[in-house]
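The block underneath contains the structure these notes are about, expressed in structure tokens.
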Amino acid sequence: MHFRFCWANHEAGSSRRSLEDIVLIVAHQLMALGHTWDISDDELIVEAPEPVVNILVEGFEDGPCFADIERLHDAGARIGILATEQPTPLGFNWGADPLMVKRQAFFHRAAALADWIMPLVPGDEVLAWYAQFGKPVAYLPLGFAPTLLVKPYAGKKRWHFGTYGGAVDKGNRRHAVVKRFAAAGYPVRVVGGFPERAVRDAEMDQCHAILQIRPNDDAELVSSCRIATMLHRGLPVVAEPHKLAQGYDELITFAPTEADFVRTAILVRATARGTYEAQLQRFQRRFSPQACIGRALEQVGLVGERIAA
């Protein structure tokens with residue numbers, strides 16, 4: 001089966017860069033199961049000699065690009081949606097960003113075009129919210145893809161810890177956590193925003209371990225994308241406590257409490273190579289391509305006979 005990932009509903013730049021890791025992880029897991037894939041800036045495949053599924057990553061708003069997606073859907077394009085956000089009564093991710101409120105309110109229109117929806121967020125309530133639109137739904141954990149594994153843990157590093165993605169600005173929660181590490185004598189290399197992947201990776205590769213820091217007190221979802229991306233790059237991950245950590249809490253190292261985060265991270269730093277090797281073994285075993293995208297494809301009924309029908 002062929003899968004076409006399409007950026008039609010995302011502007012070029014940071015919007016796409018923030019989702020590149022997700023797309024690559026899913027694409028390489030599909031490849032490990034014998035499927036093919038490609039990426040297009042704006043074209044959905046309507047007809048092809050082989051069964052084809054178009055995949056869009058959530059992030060829908062009204063406008064010309066959405067009208068184009070609707071038109072291609074009406075022409076016969078089969079569309080699946082990777083849903084990246086946590087729905088709540090206040091909007092995606094507890095409505096901390098007005099854009100997330102708008103995106104959740106608009107999602108029903110996107111769901112009407114979907115053959116299936118795969119939330120990347122665990123939990124029965126999350127699945128129930130996405131299932132309300134009457135389309136097949138399956139939780140999709142982001143897992144191990146052999147072709148993404150870059151290298152084993154290397155000992156020569158410049159920084160104790162690293163973190164990336166989103167804002168780490170003076171006065172916000174992430175900045176306060178980073179200051180705690182600095183006060184303990186363990187400065188953190190921070191790469192804020194969403195630079196080119198090569199730039200980010202070059203910086204994170206110089207760190208002994210990667211920190212998973214919640215952006216605000218309401219944030220419940222651990223970044224499965226950050227975990228998978230850094231484990232593929234040969235780096236162990238240590239996280240603050242997260243309520244939504246299904247499966248990943250048995251994979252990486254989580255601090256038992258917020259107050260224990262610095263101490264837990266320092267212990268990981270002291271045993272970084274061994275910790276990474278243990279995390280990688282669990283990652284390969286428990287988050288295999290079949291256990292992740294393979295299982296999700298089965299749950300939404302996405303088999304060759306159905307797509308060809």
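Would you grab the residues whose amide H sits under 5 Å from the one on ARG214? Only those 5+ places off in sequence or on another chain, please, with H modelled 1.01 Å from N.
Excluding prolines and chain starts, which carry no amide H, the hits are GLU240.
Tell me which lysines have Cα within less than 28 Å of LYS156's Cα, excluding those fewer than 8 residues away on the same chain?
Partners found: LYS179.
Considering amide H positions built from the backbone, and no H for Pro or chain starts, which residues 5 or more places from GLY80, or on another chain, come under 5 Å of its amide H?
For GLY80, the qualifying residues are ASN54, ILE55, LEU56, ASP115.
How about segment 139-204: which trypsin sites (Lys or Arg not before Pro) there are in a DSSP loop, with at most 14 other Cβ atoms within 10 Å of their Cβ?
Loop-located and lightly packed - LYS156, ARG158, LYS170.
Please list, in chain and number order, the residues 5+ apart from VAL237 or on another chain whose amide H is under 5 Å from its amide H, with Hs placed from the backbone.
ILE210, THR253
Could you work out the relative contact order of segment 146-286? I mean the mean sequence separation of Cα pairs under 8 Å and 6+ apart, divided by the number of residues, in percent.
26
GluC sites (Glu not before Pro), restricted to segment 40-86: which are DSSP loop and have at most 16 other Cβ atoms within 10 Å?
Here the sparse-neighbourhood loop sites are GLU43, GLU47, GLU61.
Given PHE107, ALA138, ALA219, which one lies farthest toward the positive end of the charge dipole of the chain, if we put +1 on the Cβ of every Lys and Arg and -1 on the Cβ of every Asp and Glu?
In the chain, that residue is ALA219.
What's the magnitude of the charge dipole for segment 74-195 around its Cα centre, counting Lys and Arg as +1 and Asp and Glu as -1 at the beta-carbon? Answer in Debye, nearest 20. Could you put the intermediate results ahead of the total?
Details: 15 positive and 7 negative charges, 184 e Å.
It comes to approximately 880 debye.
Answer rounded, prolate or oblate for segment 171-309, using the Cα gyration tensor with square roots of eigenvalues a ≥ b ≥ c: rounded when a/c is under 1.5, else prolate when a/b is larger than b/c, else oblate.
prolate
Kindly write out, for segment 17-31 in residue order, the coupling ³J(HN,Hα) from the Karplus curve 6.51 cos²θ - 1.76 cosθ + 1.60 (θ = phi - 60°), rounded to whole Hz, with x marking Gly and Pro.
4, 5, 10, 4, 4, 4, 4, 5, 4, 5, 4, 6, 5, 4, 4
Classify segment 228-279 as rounded, prolate or oblate, taking a ≥ b ≥ c as the square roots of the eigenvalues of its Cα gyration tensor: rounded when a/c is under 1.5, otherwise prolate if a/b is larger than b/c and oblate if not.
Working: a/c = 2.22, a/b = 1.17, b/c = 1.90.
Oblate is the answer for segment 228-279, as a/c is 1.5 or above yet b/c matches or exceeds a/b.
Give me the dipole magnitude in Debye, nearest 20, for the chain about the Cα centre, with unit charges on the beta carbon: positive for Lys and Arg, negative for Asp and Glu. Working shown, then result.
Details: 33 positive and 36 negative charges, 322 e Å.
Taking the Cα centre of the chain as origin, the dipole is about 1540 debye.
Karplus couplings for segment 265-280 from phi (6.51 cos²θ - 1.76 cosθ + 1.60, θ = phi - 60°), rounded to Hz, Gly and Pro as x?
Once θ is set to phi - 60°, the couplings for segment 265-280 become 5, 5, 5, 5, 4, 6, 10, 4, 5, x, 4, 4, 4, 5, 4, 5 Hz.
Which one of GLY91, THR257, VAL268 has its Cα pushed farthest toward the positive end of the charge dipole of the chain, where Lys and Arg give +1 and Asp and Glu give -1 at the Cβ?
VAL268
Is segment 1-83 rounded, prolate or oblate when judged by the Cα gyration tensor, a ≥ b ≥ c being the square roots of its eigenvalues, rounded requiring a/c under 1.5 and prolate requiring a/b larger than b/c?
Note, shape of segment 1-83 comes out oblate.
Give a residue-ordered list of calculated ³J(HN,Hα) values for segment 223-228 (Karplus: 6.51 cos²θ - 1.76 cosθ + 1.60, θ = phi - 60°; whole Hz; x for Gly, Pro).
Listing the rounded values in order: 7, 5, 5, 5, 4, 5 Hz.
Just to confirm the number: angle between the C-alpha axis of helix 173-183 and the first principal axis of the chain, 0 to 90 degrees, nearest 10?
With both axes taken from Cα atoms, the answer is about 30 degrees.
Relative contact order (percent) for the chain, with alpha-carbon contacts under 8 angstrom and 6 or more residues of separation?
After rounding, I find 18 percent.
Once the Cα gyration tensor of segment 112-255 is diagonalised, what are the square roots of 5 times its eigenvalues, in whole Å and ordered largest first, as equivalent ellipsoid semi-axes?
29, 19, 14
FYI, it's all coordinate maths here, none of it is from the lab. Small disclaimer: the values here were computed from a predicted structure and weren't measured. For neighbour counting, all protein chains shown are included, and Cβ atoms are generated from backbone atoms with ideal geometry for every residue, glycine included.
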